[in-house]
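Worksheet for the structure shown next.
The values are calculated or read from the model by the stated rules, or taken from the named source; none is laboratory data. None of these values were measured; they are calculated from a predicted model. Heads up, the Cβs are rebuilt from the backbone with ideal geometry, glycines too, and the neighbour counts pull from every protein chain shown.
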Amino acid sequence: MSSKVARYPGVEITPEDVKAHRYLLTNYETELRYAWSSGVAVSRFLSGLERKQIWARECDGCGRTLVPPRMYCERCFRPTDRWVRVRDTGSVVTYSVAHVNSDASRREEPILVAVIEIDGASPLMGVLHLLGEVEPERVEIGMRVEAVWRPDGERTGAITDIRYFRPLAGGEGGTRTG
Ligand SMILES: [Zn+2]
């Protein structure tokens, strides 16, 4: 409404009209299909995971090795320079013991979510992933971990091709190797 329009033309439909089925109502299920591109860098990163490989991009401007890879260095404002393969081991940078699911429902067993700094990448470069085969009270910052890959034939080119990271066998200490 405005100062010139005191009343819209036509007849208003009231909630009572709707409840009384004075108007035709119809329900339908929408079927939405999505397709999107992961981009050059993440596409190659994901297809590498299918082959149990973690790929990064190097930037000659700042000398960093970026994981997940990107074709553009946000620090140097220039394209990155080359692909390099990094290891599937790393160190826990930070972690959380989660007692709730993503829908806020309570979990019987907590899940361990961690940022893993990947060996061969620059400091603090890495992935957010799950920890497994470790008790929550044993997780610590700097803990050395390795990827546990899904078996051949079950990997699909997704970050979940890595099931989780587990403590590195041999009890290697929590030193940063990046
Ligand atoms: Zn750079």
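Residues are listed down the side, and each one gets a yes or a no for (1) surrounded by fewer than 14 Cβ atoms within 10 Å (Cβ to Cβ); (2) modelled with pLDDT of 95 or more; (3) among the β-branched types (Val, Ile, Thr); (4) within 18 Å of the chain's Cα centre (by Cα):
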{"residue": "Leu46", "(1), (2), (3), (4)": "no, yes, no, yes"}
{"residue": "Glu50", "(1), (2), (3), (4)": "no, yes, no, yes"}
{"residue": "Cys59", "(1), (2), (3), (4)": "no, yes, no, no"}
{"residue": "Gly63", "(1), (2), (3), (4)": "yes, yes, no, no"}
{"residue": "Leu66", "(1), (2), (3), (4)": "no, yes, no, yes"}
{"residue": "Cys76", "(1), (2), (3), (4)": "no, yes, no, no"}
{"residue": "Pro79", "(1), (2), (3), (4)": "yes, yes, no, no"}
{"residue": "Asp88", "(1), (2), (3), (4)": "no, yes, no, yes"}
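In the condition set (1) hydrophobic (A, V, I, L, M, F, W, C); (2) surrounded by 13 or more Cβ atoms within 10 Å (Cβ to Cβ); (3) more than 16 Å from the ligand (Cβ to nearest atom), Val18 is compliant with all but (2).
In the stretch 41-88, of all residues being β-branched (Val, Ile, Thr) and closer than 23 Å to Gly142 by Cα, the one that is farthest from the ligand (Cβ to nearest atom) corresponds to Ile54. Given the condition within 12 Å of the ligand (Cβ to nearest atom) and more than 22 Å from Arg150 (Cβ to Cβ), answer yes or no: does some residue in the stretch 90-109 qualify? No: the stretch 90-109 contains no residue that is within 12 Å of the ligand (Cβ to nearest atom) and more than 22 Å from Arg150 (Cβ to Cβ).
Only one residue in Ser47, Ser43 is closer than 23 Å to Glu154 by Cα, without any contact (Cβ under 8 Å) to a residue 12 or more places away in the chain and either touching a Leu at 6+ places or on another chain (Cβ under 6 Å) or not basic (Lys, Arg) (or both), so which one is that? Criteria check complete, one pass: Ser43. Out of Ser96, Ser91, one residue alone is under 19 Å from Ile141 (Cα atoms), touching a Gly at 6+ places or on another chain (Cβ under 6 Å) and either of a type in the set (Lys, Arg) or part of a strand (DSSP E or B) (or both). It is Ser91. Taken as a whole, the structure leaves Thr26 outside the set of residues that are hydroxyl-bearing (Ser, Thr, Tyr) and in contact (Cβ under 8 Å) with a residue 24 or more places away in the chain.
Please go through the stretch 123-150 and give me each residue that is closer than 24 Å to Phe45 by Cα and among the small types (Gly, Ala, Ser), ordered by number. Passing the criteria: Gly126, Gly132, Ala147. Just one residue in the set Leu112, Leu24 is at pLDDT 95 or above, among the aliphatic types (A, V, I, L, M) and away from the ligand (no atom under 16 Å from the Cβ); that residue is Leu112. Among the residues of the stretch 135-160, those that are surrounded by fewer than 18 Cβ atoms within 10 Å (Cβ to Cβ) and of a type in the set (Val, Ile, Thr) comprise Val139, Ile141, Val148, Thr156, Ile159, Thr160. The single condition among (1) on the phi > 0 side of the Ramachandran plot; (2) touching a Pro at 6+ places or on another chain (Cβ under 7 Å) that His99 does not meet is (1). Is it the case, given these coordinates, that Val5 is touching a Pro at 6+ places or on another chain (Cβ under 9 Å) and among the hydrophobic types (A, V, I, L, M, F, W, C)? When the stated conditions are applied, Val5 does not pass them.
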